[in-house]
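A short write-up of the structure that comes next.
The values are calculated or read from the model by the stated rules, or taken from the named source; none is laboratory data. Keep in mind that what you see is a predicted model, and the values were worked out from it rather than measured. Please note: Cβ atoms are built from the backbone with ideal geometry, for glycine as well, and neighbour counts cover all protein chains shown. Note: areas computed on protein heavy atoms with side chains; ligands, DNA, RNA excluded. Shrake-Rupley method; radii C 1.70, N 1.55, O 1.52, S 1.80 Å.
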Amino acid sequence: MKKKVFIAFCALLMLAGVLGGIKFLQINRMIAQGKQFVPPPATVTTSTVESASWETRLTSVGSLEAVQGVTVTAELSGKIANIAFEPGAHVEAGDLLVQQDISTEMAQRRSDEATLALKKANHDRAKELLADNVVTQAAYDQTLAEYKQALAAIDNIRSVIAKKTIRAPFAGRLGIRLVNLGQNLEGGEPIVSLQALNPIFVDFLLPQNQIAQIQPGLTVRITTDALPGEKIEGRITAISPLIEEATRNIRIQATVDNSQERLRPGMFVDVDVILPEREDVRMIPTTAVVYAPYSDSVFIVEKKPAGEGHEDKQVLRQQFVRLGTQRGDYITTLSGLEGGEKIVSTGVFKYRNGQSVVVDNTLAPEFSLAPKPEDR
């Protein structure tokens, strides 16, 4: 019995050895094949490092302000007898807006005019009599003073009537009416907003270290989400002589044409100040950059000789770069690349240094300095 068990045990050991040897040979063969395996080249899209001349500009944010803008108010108390404007209408300087009740003042003016006529007649008569020495100089002076008092009284009542006849101080666009017919207005109570919209001011700030680059007359380009895709140009017209102590910024004002009145006071805008100098740059698509904390890089496509009788291969070389400013789909490189070099333009995160590639730009995206995404 022991002999049979021993024989069976030996047979099992032999079988295990045979199986282990076969598996060892298979693993060695797979390792050898893995060492000789060359992955197929990846398909990439490419773009060329372009040399260009970019306009130099300073960027800021600002707000719009009317060249002339007030809230029309009442100077004197009185009941509204007539509202002569329509909300939102355009008015000229001197147009009647609101007429307060002036019936009492009109009656007073007629009385003052009658008094003035009498005082003038007395003065003229006294003047003639003085020449003939019929009246004294004191009597004449009395009539002259009374005449001047009557003139002052009628000027005063006319001033009160003018103040209760509320007119537009300048041409512009009216806002929403804040009063009603028959309402008793108090002095200083608002009636309607009046804004002169063409042209319009753009107020913005720039840091003090840029003050040497700013001067009146420079072109200013503004954009706003209220007018997507549109760029409106104007000129710098005023520079504050003071630097704000809290922020060390300088306040600048530009004037922009607004003949269509699409820009309104209080709007938020992005501002670009266009400087006269231009900057020579090397630009690449932003999608070509592998962003990393230690350094940004791109993949350059290079030809690698494959030896006699074989075609040259294209391989990737990872190149570290220093980036500059970005505009649209492009970003500038300050170092690391030369104009005309071919780089991978999309999907750069999935490639590695030294990898073989095949270039296929059939589905390559189009890059633009001023992209305009389509609404879907």
First select every other residue whose beta carbon is under 14 angstrom from the beta carbon of Ala11; then total the charges, Lys and Arg +1, Asp and Glu -1.
-> +2
Compute the distance in nm between two label points, each set 7 Å from the Cα along the Cα-to-Cβ direction, one at Ser77 and one at Tyr291.
-> 6.5
Can you list the HN-Hα couplings for the range 212-224, worked out from phi with the Karplus curve (6.51, -1.76, 1.60; θ = phi - 60°), rounded to whole Hz and with x for Gly and Pro?
-> 5, 8, 9, 7, x, x, 5, 6, 10, 10, 10, 9, 8
Which of (1) 2.10; (2) 1.21; (3) 1.08 is the computed Cα Rg over 2.2 N^0.38 Å for the structure on display?
-> (1)
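Just subtract the alpha-carbon distance of Gln137 and Gln213 from 0.36 nm times their residue separation and send over the number in nm, one decimal.
Details: separation 76, 0.36 × 76 = 27.36 nm, distance 7.37 nm.
Length gained between Gln137 and Gln213: 20.0 nm.
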Mind running the shape call on the range 181-298? Use the C-alpha gyration tensor, a ≥ b ≥ c as the square roots of the eigenvalues: rounded below 1.5 for a/c, prolate if a/b tops b/c, oblate otherwise.
-> prolate
Given the pairs Lys119/Lys164; Lys120/Lys163; Lys342/Lys372; Lys304/Lys342, which are separated by over 19 angstrom at their Cα positions?
-> Lys119/Lys164; Lys120/Lys163; Lys342/Lys372
Helix-only mean residue ellipticity at 222 nm for the chain, each DSSP H run of n ≥ 4 adding -39500 (n - 2.57), per residue, nearest 500 = -9000 deg cm²/dmol
Rounded tilt (10° steps) of 103-131 against the dominant C-alpha axis of the chain = 50
Considering only protein heavy atoms, with the full assembly of protein chains and a 1.4 angstrom probe, order Glu277, Glu244 by accessible area, largest first.
-> Glu277, Glu244
All aspartates and glutamates inside 17 Å of Lys79 as judged from Cα atoms, apart from same-chain residues fewer than 8 positions distant | Asp101, Glu105, Glu186, Glu189
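Would you work out the relative contact order for the chain, in percent, from Cα pairs under 8 angstrom that are 6 or more residues apart?
Relative contact order, the chain: 24 percent.
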Please sort 193-206, 127-140 by packing, taking for each peptide the average over its residues of neighbouring beta carbons within 10 angstrom, highest first.
-> 193-206, 127-140
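Go ahead and run the numbers for FRET between Leu19 and Lys304, Cβ-Cβ distance against an R0 of 41 Å, rounding to 0.05. Please list the in-between numbers first.
Working: r = 45 Å, r/R0 = 1.09.
Efficiency computed from Cβ-Cβ geometry: 0.40.
Of the listed peptides 16-29, 356-369, what is their order by residue-averaged count of other C-beta atoms within 10 Å, with the highest listed first?
Details: 16-29: 10.0, 356-369: 12.0.
The packing order, highest mean first, is 356-369, 16-29.
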If you line up the long axis of helix 2-36 against the longest principal axis of the chain, both from Cα atoms, how many degrees apart are they, to the nearest 10?
-> 50
